[in-house]
Amino acid sequence: MALRLTIAFWDYDRVRPLIDRTIVPDGIELTPVISRPSETFFRMLRHKAFDVSELSFSNYTMLRARGDDSFIAIPVFPSRLFRHSCIYVNRHAGISQPADLVGTRIGVPEYSMTAAVFARGLLLHEYGVAPETSEWFSGTQDGLQRPTRIDFDLPGVKLTRMPLEQDMGPMLEQGTLDAIISPNAPQALARPGSPVRRLFEDYRRVEKTYFEKTGIFPIMHVIVVRRDVYDANPWMARSLFDAFERAKQWAYEQLVEIDALKITLPWIVAETEETRRSMGEDFWPYGVERNRRSLETLPQYLFEQHLAPRVVPIEELFAPLSP
């Protein structure tokens, strides 16, 4: 009899075959729950609402650094994104390069979210801009509210948690905030004549150069299993990993289907070919060893930013994938 599991994630192309059951993990019957990452994370972190779930890599690592092993991860990464593109500034604030962020007021939807942790880390390591040199604000952005998912203290950094009705989107546009680091582009960015722009306007070139230099393709989310479920069925880690891998391969095939384009983007095939030239044939790899450099980076950033009491070794974070 198959093991029945609830699993929560967003409807990425790389998980679509698990949603429609085109791909079924060996010995497992999945009941998918599709929701935005912020909602999924809150429900899993606060209520352990699912057997298996997509989860913030930073929040998961913070828990493990504290000795909380409520979850165990498998090395599947449903969300990855370079983060130079997520730094937005008011063009009237005099910020033309990263060093100009020193002494500014920066908003962030949630200070401990992986996107913000990684952006602050690359600002420190690539440009010498430390988080302690700015004043931070967290809260609602353009109507999107993100309740705190995990509690933390923050020595050495000035952070103001704003009331939910105070929106950072208009604050950036009006100049009350000098910058925002966010996975969601401020609505003002698209408005004609808006003072809001990206810090790295040619972000694709900058991010490609960053990857060529470091080999890091930032990991935002991991797949975790509730500890009680895993302990009772440790074999499930391998079964889920293999199923996610097959689903990802299916997604790759859709990108280069030319009988009729399946993706609503005219040059999707050319884009895929260019990405493979830059990042390799399997440019979204799963597993620990192929991602060791990226996986080791975030625990280091969390420790440096006072969000974790220690640098968690990678081996503590992931379940062994027994054959």
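The values are calculated or read from the model by the stated rules, or taken from the named source; none is laboratory data. Because the structure is a prediction, the values reported are computed rather than measured. Cβ coordinates were reconstructed from backbone atoms using ideal geometry, including for glycine residues, and neighbour counts include every protein chain displayed.
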message: Give all pairs with beta carbons closer than 7 Å in which a residue from the stretch 8-37 that is closer than 11 Å to residue 78 by Cα meets a residue that is of a type in the set (A, V, I, L, M); count only pairs at least 6 apart in sequence or on separate chains.
response: 9/15; 10/34; 11/19; 11/34; 13/251; 14/247; 14/251; 15/247
- prompt: Is one or more of the residues making up the stretch 168-188 surrounded by fewer than 13 Cβ atoms within 10 Å (Cβ to Cβ), modelled with pLDDT under 95 and either of a type outside the set (Phe, Trp, Tyr) or not assigned by TED's automatic domain parsing to the domain that holds residue 38 (or both)?
  reply: no
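Name the helices (runs of 4 or more DSSP H) wholly inside the stretch 214-323 in which the number of residues that are within 28 Å of residue 45 (Cβ to Cβ) and touching a Gly at 6+ places or on another chain (Cβ under 8 Å) is 2 or more. Talk me through it step by step, then tell me what you get.
Details: elements: 227-232, 236-255, 268-279, 292-304, 314-317.
Of the helices (runs of 4 or more DSSP H) lying wholly inside the stretch 214-323, those with at least 2 residues that are within 28 Å of residue 45 (Cβ to Cβ) and touching a Gly at 6+ places or on another chain (Cβ under 8 Å) span 236-255, 292-304.
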message: Just the residues that are under 18 Å from residue 31 (Cα atoms) and buried (at least 18 other Cβ atoms within 10 Å of the Cβ), please, taken from the stretch 216-237.
response: 223, 224, 225, 226, 229, 230, 236, 237
- prompt: When both residues are 6+ apart or on different chains and their Cβ atoms are under 7 Å apart, which pairs have a first residue that lies in the stretch 125-149 and is at positive phi, and a second that is at pLDDT below 90 and surrounded by fewer than 15 Cβ atoms within 10 Å (Cβ to Cβ)?
  reply: 139/164
query: Of the residues that make up the stretch 172-187, is at least one outside any helix (DSSP H, G or I) and free of Cβ contacts under 8 Å to residues at least 60 places away in the same chain?
result: no
- prompt: Within the stretch 1-60, how many residues are within 30 Å of residue 117 (Cα to Cα), out of contact with any His (no Cβ under 7 Å at 6 or more places or on another chain) and small (Gly, Ala, Ser)?
  reply: 6
- line: residue 21: passes all of (1) within 17 Å of the chain's Cα centre (by Cα); (2) farther than 25 Å from residue 288 by Cβ; (3) among the basic types (Lys, Arg) but (1)
- prompt: Out of the residues in the stretch 139-162 that are more than 20 Å from the chain's Cα centre (by Cα) and in a loop (DSSP other than H, G, I, E, B), which is surrounded by the most Cβ atoms within 10 Å (Cβ to Cβ)?
  reply: 157
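Can you tell me how many residues within the stretch 164-205 are basic (Lys, Arg) and either closer than 18 Å to residue 134 by Cβ or touching a strand residue (DSSP E or B) at 6+ places or on another chain (Cβ under 7 Å) (or both)?
Here the count works out to 2.
Among what's in the stretch 270-298 and is aromatic (Phe, Trp, Tyr) and within 11 Å of residue 219 (Cβ to Cβ), pick the residue that is surrounded by the most Cβ atoms within 10 Å (Cβ to Cβ). Talk me through it step by step, then tell me what you get.
Filtering the stretch 270-298 for residues aromatic (Phe, Trp, Tyr) gives 283-284, 286.
If we keep only those that are within 11 Å of residue 219 (Cβ to Cβ) as well, we get 284, 286.
Working: 284: 15, 286: 19.
That would be 286.
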statement: Of 46, 14, 21, 4, the only residue that is among the basic types (Lys, Arg) and in a strand (DSSP E or B) is 4
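Among the residues of the stretch 111-138, write down those that are assigned to a loop (DSSP other than H, G, I, E, B) and under 22 Å from residue 60 (Cα atoms). Even if it seems obvious, please write down each step before you answer.
We begin by selecting, within the stretch 111-138, every residue assigned to a loop (DSSP other than H, G, I, E, B); these are 111-113, 128-130, 134.
Selection gives 111, 112, 113.
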field: Condition met for residue 231 (at pLDDT 95 or above and not assigned by TED's automatic domain parsing to the domain that holds residue 47)
entry: no
